[in-house]
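So the structure is just underneath, and the comments pick up after that.
Read-outs: derived from the displayed coordinates by stated rules, not from any lab. Bear in mind the structure is a predicted one, so any value in this text is a computation, not a measurement. Positions of Cβ are backbone-derived with ideal geometry, glycine not excepted, and every protein chain shown enters the neighbour counts.
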Amino acid sequence: MIRHFTLDGKKIPFREGQTIMEAAQDAGIYIPHLCYNPEFVPHGSCRVCTVKANGRIVASCTTPATEEMQVENETEELQGNRRELLQMLFVEGNHVCPGCEKSGACQLQAVAYYTGMLAPEFTYFYPMRTVDSSHPDVAIDYNRCILCELCVRASRDEDGKNIFSIDGRGINTHLTVNSASGKLGDTDFDVHDKAAQVCPVGAILPKHEGYNIPIGQRLYDRKPISVVGDVADHQEE
Amino acid sequence: MSGKVKVATTSLAGCFGCHMSFLDIDERLIALSELVEFDRTPITDIKEVGPCDIGLIEGGVCNAENVEVLKEFRRNCRILVAMGACAINGGIPAMRNSFDLKECLEESYVHGVGVEDPQIPSDTEIPLLLNKVHPIHEVVKIDYFLPGCPPPADTIWTFFEQLLNNQPVEFTYRQIHYD
Ligand code: SF4
Ligand code: SF4
């Protein structure tokens, strides 16, 4: 039996067990997200996909849809909350977009554009972070990691390598690499691993291709993410 | 009173790229000059900012003089605008924030390629560097932000057009980017 819930006044069908996010995606409706990727178990940590379901604030990627549920998604209030979350992500890391190879095909940027963020506006942390270029084919720029945990899930659940994990607490939370030296070059990480394809930002970057696609001609340079979707779906291009 | 809107602009820790983009509005500059009168800007070469309606700031703050100029602009401008990535988040100059100031100075003036008579400049004429480069909203209140490195000429034009016509400032998707 097909059941339905209401998303911004529209009737959306769902199957038993589907989350709000999954049902919305099947119906072709965009709910902004960073740590969600349909290929992996939802993590529910970035909170960008927060919606109001029957008046309660919930992450749409982890909340199952239920019959007759009333969900708000694209409201001024929720977009405002999302914008502030994104602003906090920007000031917590070091995001110098004009100098970033991922610029134009970065989901953090794209979701920020979608919510109408013009500037981060908060006080910058300017944390001291490093770049790991020890691997021959892939570099990690920790300045841009947003702790979405997608590389962790991809390496653990698909590559079966467990190369990444998230360590520490609060503002000291950080991504670590599972090798004695902590360097990516000392793991069996491979550029063809799933974990090399899922980073939504410019933290895990393949080397030697930098600006093959010029700035201005990239995925989100012309069309919003609500139209073209996640960067992970376009990696092969 | 001329009835024209008074505009001042300056570049702090920027590269003048935003100003170049401003000039890129091309022949629309003529239309703009019918509506506005320029006070202190690199275009008029006026050195002191007077009372203005709109102040455009390019660049973040990296030294004591930047802070002084920025505060002077805030005192004089009714509407203050952060123009471009550096004003908004420190931009490329803020990449030095990953290092100690001392390390940066030594890299350039002591260990730099081809440096003779290595010494860190300390002339009193040179404004003192801040430990970190900061976006301007951390120093004064900012009324509008124009992202981009630089913001496209079209974005700057749209901003003026809407503001001068008392319309809410709104941009199209293509007018907003952070790079
Ligand atoms: S990762 Fe994205 S938001 Fe961060 S600097 Fe790169 S392009 Fe900008
Ligand atoms: S490196 Fe990329 S994929 Fe991994 S946690 Fe950070 S942002 Fe997410």
Problem - Cα Rg, Dmax, region A:86-134, angstrom units - result: 11.6, 37
Practice task
Have a look at A:Thr19, A:Gly202, A:Val48 and report the one farthest towards the positive end of the charge dipole of chain A, computed about the Cα centre with Cβ charges (Lys/Arg +1, Asp/Glu -1).
Solution key: A:Val48
Handout entry: B:Ile46 long-range amide H proximity, modeled H, under 5 Å
Key = B:Thr41
Fill in the blank from the handout: With T = 20 °C, eta = 1.002 mPa s and Kirkwood Rh from C-alpha pairs, the Stokes-Einstein D of the protein assembly as shown in µm²/s is about 91
Exercise for the section: Determine the alpha carbon to alpha carbon distance for each of A:Lys207/B:Lys132; B:Lys6/B:Lys71; A:Lys183/A:Lys207; A:Lys52/B:Lys141; A:Lys102/B:Lys141 and list only those over 21 Å. Expected result: A:Lys207/B:Lys132; A:Lys52/B:Lys141; A:Lys102/B:Lys141
Fill in the blank from the handout: Here the longest stretch of chain B that holds no chymotrypsin sites (Phe, Trp or Tyr not before Pro) in a DSSP loop having at most 15 other beta carbon atoms within 10 Å is B:17-98
Completion exercise
Per principal axis, largest first, the Cα atoms of region B:105-158 extend in Å by 51, 25, 18
Practice task
For region B:46-84 and region B:133-174, write down the distance between their C-alpha centroids in whole Å.
Solution key: 14
Problem - Lys/Arg +1, Asp/Glu -1 at C-beta; region B:1-107 dipole; positive extreme among B:Leu101, B:Gly60, B:Leu35 - result: B:Leu35
Completion exercise
Per residue of A:114-124, other chain Cβ atoms within 10 Å number on average 6
Practice task
Report, to two decimal places, the Cα Rg of region A:3-74 normalised by 2.2 N^0.38 Å (N = number of residues).
Solution key: 0.96
Problem - About the Cα centre, charge dipole magnitude for the protein assembly as shown (Lys/Arg +1, Asp/Glu -1 at Cβ), debye - result: 1060
Exercise for the section: Report the label-to-label distance for B:Leu29 and A:Ile57 in nanometres (one decimal), using points 7 Å from each Cα along the Cα→Cβ vector. Expected result: 4.8
Handout entry: ³J(HN,Hα) computed for each position of region A:158-170 - Karplus, 6.51 cos²θ - 1.76 cosθ + 1.60, integer Hz, glycine/proline x
Key = 10, 7, x, 10, 6, 7, 10, 8, 9, 10, x, 10, x
Fill in the blank from the handout: Magnitude of the Cβ-charge dipole (Lys and Arg +1, Asp and Glu -1) of region A:129-208 about the Cα centre, nearest 20 debye, reported as 280
Fill in the blank from the handout: Percent of all alpha-carbon pairs of chain B at distances over 30 Å, whole number, is 23
Practice task
Please compute the Cα-Cα pair-distance distribution of region B:19-100 with 5 Å bins starting at 0, giving whole percents from short to long.
Solution key: 3, 13, 19, 25, 18, 12, 6, 2, 1, 0
Completion exercise
The Rg/Rh figure for region A:55-199, Cα atoms and Kirkwood Rh, to two decimals is 1.01
Practice task
Assuming 1.002 mPa s and 20 °C, estimate D for region A:129-208 with Stokes-Einstein, Rh taken as the Kirkwood radius over Cα pairs, in µm²/s.
Solution key: 173
Handout entry: Average Cα contact separation per residue, chain B, under 8 Å, 6 or more apart, as relative contact order %
Key = 25
Practice task
Quick one: dipole size for chain A, taken about the Cα centre, charges +1 on Lys/Arg Cβ and -1 on Asp/Glu Cβ, in debye to the nearest 20.
Solution key: 460
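Using R₀ = 45 Å, calculate the FRET efficiency as 1/(1 + (r/R₀)^6) where r is the Cβ-Cβ separation of B:Lys4 and B:Ser108; round to 0.05.
About 0.55, to the nearest 0.05.
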Practice task
Grab the beta carbon distance between A:Asn212 and A:His192, set R0 = 22 Å, and tell me the FRET efficiency rounded to 0.05.
Solution key: 0.80
